[in-house]
Every structure is written in C-alpha cells, then in structure tokens.
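Here the structure is laid out as structure tokens; the discussion comes afterwards.
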Amino acid sequence: MIEKNIELSAEFSRYLFEHPELETKIPVDAEIILLSEFDTELKEFNIKLGKTIEANGGKVVYIVIKNIRPKTL
C-alpha cells in the first residue's frame, strides 16, 4: 500500500504544480487522504486511515484521484 500511495502522492503533486490555487483550499492542519478511483483495495485502505484520523480528532481532506498519467522519460 505504501508504494501505491507514493504513486498517488506524485500524481497529486503534479496536479498541485499545475493548479496551485487548490493548495489554498486545503487547511494547513489537515491530513490529505488520497482516494484512488482505479484501485478499490487502496481506496478502502485509505478511507479507513482517514476515519481513524478523524476519530482521533484530526482534520482530513479527501482527494479523489481518477487516473494516473503515463510516466514520461
């Protein structure tokens, strides 16, 4: 799951680079939970992680990743 989340994080970082205005909408003290639309197992794992954070009083922002762009060399 760690490797899959790293890949989602890279995709989200690319998106933020292209759309920096989104960063202002994410609270500084929130945890970002990435939800994969193409990997159900990872999505369920990350939802559980987010709910655990929320249950412990943390703020969570869920970001849906619909797909990952092909890697370019």
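Remarks
- Test result for Phe45, part of a helix (DSSP H, G or I), under 12 Å from Lys4 (Cβ atoms) and either without any contact (Cβ under 8 Å) to a residue 12 or more places away in the chain or open to solvent by 80 Å² or more (accessible area, probe 1.4 Å) (or both): yes
- Scanning the stretch 48-63 for residues that are open to solvent by 60 Å² or more (accessible area, probe 1.4 Å) and farther than 14 Å from Asn5 by Cβ turns up Lys51, Thr52, Glu54, Ala55, Asn56, Gly57, Lys59.
- Scope the stretch 20-42; condition under 21 Å from Glu7 (Cβ atoms) and open to solvent by 20 Å² or more (accessible area, probe 1.4 Å); matching residues: Leu22, Glu23, Ile26, Glu31, Ile32, Glu37, Phe38, Asp39, Thr40, Glu41
The values are calculated or read from the model by the stated rules, or taken from the named source; none is laboratory data. Worth saying up front: this structure is predicted, and the values here are computed from it rather than measured. With ideal geometry, Cβ positions are generated from the backbone for all residues, glycine too; neighbour counts draw on all protein chains shown. SASA here: full protein model, heavy atoms, side chains in, ligands and nucleic acids out. Shrake-Rupley method; radii C 1.70, N 1.55, O 1.52, S 1.80 Å.
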